[in-house]
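This report concerns only the one structure given below.
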Amino acid sequence: MPQRRRNLINIIAATWVLLAAAGDIALNSLPLPPGSATDIAGSETQLIRILAMMAWPIFLAVVAGLVFTLWVNRVAPAAAEPGAAALRGNSRLQTTWIASSTTIVLGLAVFGTITLANDTTVPAVAHAEPNTPLEVQVIAQQWYFTYRYPSFGGFESAHLVIPADREIEFHVTSLDVTHSFWFFAAGVKADAVPVHDNSVDMQPLKIGTYRIECSELCGIWHGSMSDDNAQIVSAGDFTTWAQQQQQLDAPIMKYLPPYSHTYVPAPGVYGS
Amino acid sequence: MDAVAVSYPPAAPSSLSRTLHKWGLLLGVIGAVLGFLLGYFLGGLGFTDTNSNGSNIQILLAYSLSAVGFLAGMGFFNRLIGSLLGRRPPTPADEAFLHGEGAGLSRYFRLTVDHKVIGMQYVVMILFFLFAGGLGAMLIRGELLSSQPSYVTPESYLTLVGLHSVIMIFMASAAIIGPLGNYFVPIMIGSRNMAFPRLEALTFWLLPPAGLILLSSVLLGGFPTGWTGYAPLADQSVLGMDAYLVAFGLIGLSIMLSGLNMITTVITMRAPGLRFTKLPIFVWGVFITSWLGLLAAPVLASVILMEVFDRTFRAALFVPAGGGTPYLWENLFWFFGHPEVYIFIIPAFGLIMEMLPVFTRRPLWGYRVAVGGMLGVGVLSFFVWQHHLFVSGIAPALRPFYMFSTEAISVPTGIIFLVALGTLWRARTRFTVPMLFVGAFLFNFLIGGITGVFLSDVPADFSLHASYFVQAHFHYTIMGGEVFALVGGLTYYLPKMTGRKLNERAGRRQFWVMFIAFNATFLCLLAVGMLGMTRRVISYQPELQGLNIAASISAFVLGASLLFWLGMIIWSLILRPALATQKNPWESLGIEWQLPTPVPTYNFDTVPVAWSLPYEYDTGQPAAVPGRTQPALAGGTPT
């Protein structure tokens with residue numbers, strides 16, 4: 001390889017690394033969504049940061065190339081001079097371009113798959129007591145969410161409350177049309193489909209009050225199908241709350257359908 | 001039509017049939033009204049209504065028969081009925097009449113089979129729907145100035161969102177292939193017309209009824225589903241949903257037939273010597289797109305028909321309580337829906353690569369890889385649809401494959417960028433208005449493509465799916481990509497189509513306003529999406545109001561810049577009749593620019609035979625010279 005080309009490659013590589021590093025520093029100072037309130041939100045934030053770090057130099061390189069070549073060699077619109085030397089292609093450059101973009105894409109796909117696999121398997125490390133996941137059912141209907149806690153007798157709540165120290169297993173379903181359960185800060189989005197159980201696991205990390213909304217168009221009041229009062233609380237607070245709710249709901253439990261992963265929509269919800 | 005010598009007894013042209021034909025548009029309207037009444041009457045005959053929302057058998061039949069009545073009035077069945085009655089086949093004089101030869105402006109207002117007339121008809125229709133959909137966008141952005149409902153009710157907001165999206169989808173699926181594809185593909189391949197001229201007219205005339213039926217949904221209570229029409233919400237909706245179904249069905253039919261016609265034309269009607277390796281890159285774009293349309297649109301038509309069955313006969317194909325599943329709609333719809341977005345963008349790829357050599361004055365850098373890139377995008381587009389279902393609860397094991405196939409599409413798309421950059425590299429680029437739009441296309445589509453990689457990555461998609469990030473992403477690709485290519489392309493081709501050039505200085509200013517306002521709007525919307533704003537909502541988090549106001553104001557400027565562009569077209573084409581006729585203002589070597597302006601009805605007197613690629617700017621040799629036979633060019637042996 002001629003010295004000149006090797007130098008060029010070194011310069012490009014060094015610029016690339018510098019740009020990526022600068023981008024990463026800039027991104028680190030930004031509160032990137034969705035944040036770190038849960039384990040999967042944390043890994044999504046991380047992934048978005050890495051994607052942005054990789055995309056930024058590519059974006060900049062293409063734009064810089066475009067602006068450079070357009071600006072440096074521009075001529076007036078009506079200029080009649082002949083064009084520069086005709087170049088019909090360069091198969092080595094084309095091959096390099098295709099090979100490198102394929103490599104980047106393959107790398108991204110493998111990386112995404114690994115992140116996905118980590119997110120969707122329950123971590124092997126032992127948790128604090130108790131380490132079995134807490135099952136919470138999310139029932140969507142036009143135009144609100146209801147939450148059921150099967151490990152506490154299947155009581156229902158209008159607001160989501162979950163403990164911070166346990167793996168949570170959401171089971172999302174719907175009673176009428178397709179909705180989507182979006183717990184933004186937790187990095188959880190799962191469609192609520194009638195007669196289908198859509199399950200997502202996650203580990204809450206930060207106590208606080210968060211927003212939940214519906215992210216699939218579900219009819220007139222779709223825009224209002226949100227709740228700003230979803231809570232991640234400490235384990236003690238959660239147990240107190242759950243037991244209290246269980247007692248409060250005890251008299252009406254016999255009117256609720258028995259707990260199940262899916263429910264048959266009531267006749268007439270689609271118009272009859 | 002080739003003038004083949006056939007000996008029929010010279011018959012006087014039937015004056016009755018010609019009169020009927022001339023008044024086709026009026027008869028079409030009468031036919032539509034009669035068809036509507038007939039359908040409404042038939043639908044009321046003893047059918048038990050199964051939908052509580054009203055008599056939707058009546059409305060479906062009324063809409064369908066009004067479309068048939070319109071086409072009958074226009075004269076689409078005249079030839080069919082004539083041959084059933086044993087009338088003589090059309091003479092060359094009849095064909096010339098049907099081509100609108102010598103008919104002046106009136107040929108634009110009736111059934112005409114000249115592809116250039118149809119191209120101009122498409123220009124007007126596309127602009128009408130672009131601005132109708134744009135008005136919807138302005139109303140939506142106006143409403144979103146406040147985080148709570150202000151001047152629109154939640155119900156009409158959803159109708160507004162639905163109409164804006166379906167009108168724009170409808171407009172975008174024909175935006176480039178309709179006006180420029182129909183007008184220039186036959187010329188670029190050295191043909192005198194399309195393979196099926198009547199079918200070509202049909203694909204156009206299916207669209208005005210589709211558009212009107214769609215708009216009429218407002219009178220029937222609108223539809224709440226957006227353009228994706230998700231069932232079972234669609235099963236639940238009022239009669240406006242039936243307008244959506246009939247209109248979208250007609251659009252699907254039009255895409256399918258147009259694809260069939262283009263494919264046949266490009267395969268069979270190429271001039272001698274014009275091999276596939278010498279096809280102008282725009283023709284390649286249209287050809288590949290046509291395959292996508294032919295293969296994807298039937299799926300749309302069938303899924304629409306299934307929803308019609310669901311709504312009228314309670315077929316419960318998408319209703320879980322009856323044994324159906326919403327996933328059926330989602331999969332079939334997106335199996336059409338994803339190739340559909342490439343139906344929008346591949347002609348734009350072709351168009352910008354067609355313009356690049358003209359303004360850089362040099363050959364396209366890497367013609368073959370460019371064709372390969374578009375082919376790759378086209379083939380891969382059929383293998384990515386489940387990325388719309390990443391959070392829907394599909395089997396998790398399917399996700400990595402669709403993540404990979406979606407990311408893989410950036411490889412052939414990247415090739416288009418490589419070809420564009422290679423062609424531009426150190427070229428002495430002429431900064432005309434179309435060239436500015438080519439540059440903007442590359443910039444906007446780059447952002448559109450990069451944001452697409454974020455969405456294709458499943459874990460990142462958990463956060464970004466169905467948010468404004470997605471909305472801004474596809475506006476970057478379709479509006480920033482296709483619409484910018486359309487504005488640039490029309491600026492480039494209008495001088496050929498009409499003989500008038502748009503004002504260069506006004507165009508330059510319009511471009512900068514449009515480009516900056518577009519980016520300001522959708523960068524804000526990318527940000528609100530990342531911060532957690534859902535699509536299609538009328539009320540949102542109050543803390544996002546600032547960004548939304550910024551987006552809305554930029555959107556108003558964007559709308560104004562497009563209105564200004566419309567004003568420029570009207571000014572140059574209609575208000576300034578004294579402007580000089582333009583033959584080849586860009587000094588292009590494409591064969592379409594070697595023809596006289598206006599292009600004669602049958603394009604070529606004799607078919608041109610010897611061809612090279614039309615990008616030989618170093619020798620200045622045109623692709624072929626129409627109207628006379630040329631000695632063989634290098635590599636262009638006549639076959």
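The values are calculated or read from the model by the stated rules, or taken from the named source; none is laboratory data. If you're wondering where the values come from, they're calculated on a predicted model, not measured in any experiment. Note that we place each Cβ from the backbone using ideal geometry, even for glycine, and neighbour counts take in every protein chain shown.
Brief remarks on what is shown
- In the set (1) in a helix (DSSP H, G or I); (2) within 22 Å of B:Ser165 (Cβ to Cβ); (3) under 24 Å from the mean Cα position of the chain (by Cα), the condition left unmet by B:Arg536 is number (1).
- The set of residues in segment B:462-478 that are surrounded by fewer than 24 Cβ atoms within 10 Å (Cβ to Cβ) and either more than 14 Å from every other protein chain (Cβ to nearest Cβ) or within 24 Å of A:Phe111 (Cα to Cα) (or both) comprises B:Ala466, B:Val470, B:Phe474, B:His475, B:Thr477, B:Ile478.
- Unique match (being surrounded by fewer than 17 Cβ atoms within 10 Å (Cβ to Cβ) and either of a type in the set (A, V, I, L, M, F, W, C) or at pLDDT 85 or above (or both)) among A:Ala37, A:Ala64: A:Ala64
- B:Val341, sole failed condition from (1) within 20 Å of the chain's Cα centre (by Cα); (2) of a type in the set (A, V, I, L, M); (3) surrounded by 24 or more Cβ atoms within 10 Å (Cβ to Cβ): (3)
- Segment B:395-450, subset hydroxyl-bearing (Ser, Thr, Tyr), more than 7 Å from chain A (Cβ to nearest Cβ) and within 19 Å of A:Thr103 (Cβ to Cβ), residue surrounded by the most Cβ atoms within 10 Å (Cβ to Cβ): B:Thr406
- Matching residues, segment A:11-28, being farther than 24 Å from A:Gln46 by Cα and at pLDDT 85 or above: A:Ile11
- Filter result for A:Gly23 (within 12 Å of another protein chain (Cβ to nearest Cβ) and either in contact (Cβ under 8 Å) with a residue 24 or more places away in the chain or of a type in the set (D, E, K, R) (or both)): no
- Looking only at segment B:528-540, and only at residues there that are at the interface with chain A (Cβ under 7 Å from one of its Cβ atoms) and in contact (Cβ under 8 Å) with a residue 12 or more places away in the chain, the one that is nearest to A:Glu44 (Cα to Cα): B:Met530
- Cβ-Cβ contacts under 6 Å between residues 6 or more apart (or on different chains), taken from a first residue in segment B:113-141 that is of a type in the set (Lys, Arg) to a second residue that is modelled with pLDDT of 95 or more and assigned to a helix (DSSP H, G or I), are listed as B:Lys116/B:Tyr183; B:Arg141/B:Ser552; B:Arg141/B:Ala555.
- Annotation: of all residues in segment B:570-608 being among the charged types (D, E, K, R) and within 13 Å of B:Ser191 (Cα to Cα), the one that is surrounded by the most Cβ atoms within 10 Å (Cβ to Cβ) is B:Glu592.
Residue by residue, here is whether (1) closer than 19 Å to A:Leu160 by Cβ; (2) at pLDDT below 90; (3) in contact with an Asp or Glu (Cβ under 9 Å, 6 or more places away or on another chain); (4) surrounded by fewer than 16 Cβ atoms within 10 Å (Cβ to Cβ) holds:
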residue: A:Val200; (1), (2), (3), (4): yes, no, yes, no
residue: A:Ile212; (1), (2), (3), (4): yes, no, yes, no
residue: A:Asn229; (1), (2), (3), (4): yes, no, no, yes
residue: A:Gly236; (1), (2), (3), (4): yes, no, no, yes
residue: A:Tyr255; (1), (2), (3), (4): no, yes, no, yes
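- When residues of segment B:214-233 are limited to those that are buried (at least 24 other Cβ atoms within 10 Å of the Cβ) and of a type in the set (A, V, I, L, M, F, W, C), the one modelled with the highest pLDDT: B:Leu214
- Here B:Gly211 qualifies as surrounded by fewer than 24 Cβ atoms within 10 Å (Cβ to Cβ) and assigned to a helix (DSSP H, G or I).
- Just so you know, in segment A:41-50 the residues that are closer than 18 Å to B:Gly532 by Cβ and not hydroxyl-bearing (Ser, Thr, Tyr) include one that is surrounded by the most Cβ atoms within 10 Å (Cβ to Cβ), and it is A:Glu44.
- B:Ser392 meets all of the listed conditions (1) within 12 Å of another protein chain (Cβ to nearest Cβ); (2) part of a helix (DSSP H, G or I); (3) among the polar types (S, T, N, Q) but one, namely (2).
- Qualifying residue in segment A:214-226 (condition: over 14 Å from A:Ala158 (Cβ atoms), more than 10 Å from every other protein chain (Cβ to nearest Cβ), surrounded by fewer than 20 Cβ atoms within 10 Å (Cβ to Cβ) and polar (S, T, N, Q)): no
- Sole residue being buried (at least 23 other Cβ atoms within 10 Å of the Cβ) and of a type in the set (Lys, Arg), chosen from B:Arg270, B:Arg275, B:Arg311: B:Arg311
- Members of segment B:215-240 found to be more than 14 Å from every other protein chain (Cβ to nearest Cβ) and either touching a Phe, Trp or Tyr at 6+ places or on another chain (Cβ under 7 Å) or outside any helix (DSSP H, G or I) (or both), listed by number: B:Ser217
- Some residue of segment B:451-460 being within 30 Å of B:Leu502 (Cβ to Cβ) and either of a type in the set (Gly, Ala, Ser) or surrounded by fewer than 23 Cβ atoms within 10 Å (Cβ to Cβ) (or both): no
- Of all residue pairs spaced 6 or more apart or on separate chains, those with beta-carbon atoms under 7 Å, a first member in segment B:591-614 that is over 27 Å from B:Arg368 (Cβ atoms) and a second member that is small (Gly, Ala, Ser) are B:Thr597/B:Gly499; B:Pro598/B:Gly499; B:Phe604/B:Gly190; B:Phe604/B:Gly627; B:Asp605/B:Gly627; B:Thr606/B:Gly627.
- In segment B:96-129, the qualifying residues are those that are assigned to a helix (DSSP H, G or I) and basic (Lys, Arg), and the one that is farthest from B:Gly489 (Cα to Cα) is B:Arg107.
- For segment A:49-75, the set of residues classified as farther than 15 Å from A:Ala20 by Cβ and in contact with a Ser or Thr (Cβ under 9 Å, 6 or more places away or on another chain) consists of A:Thr69, A:Leu70, A:Asn73, A:Arg74, A:Val75, listed by residue number.
- Apart from one condition, B:Ile263 fits all of (1) away from chain A (no Cβ under 14 Å); (2) aliphatic (A, V, I, L, M); (3) touching a residue at least 60 places away in the same chain (Cβ under 8 Å); the exception is (3).
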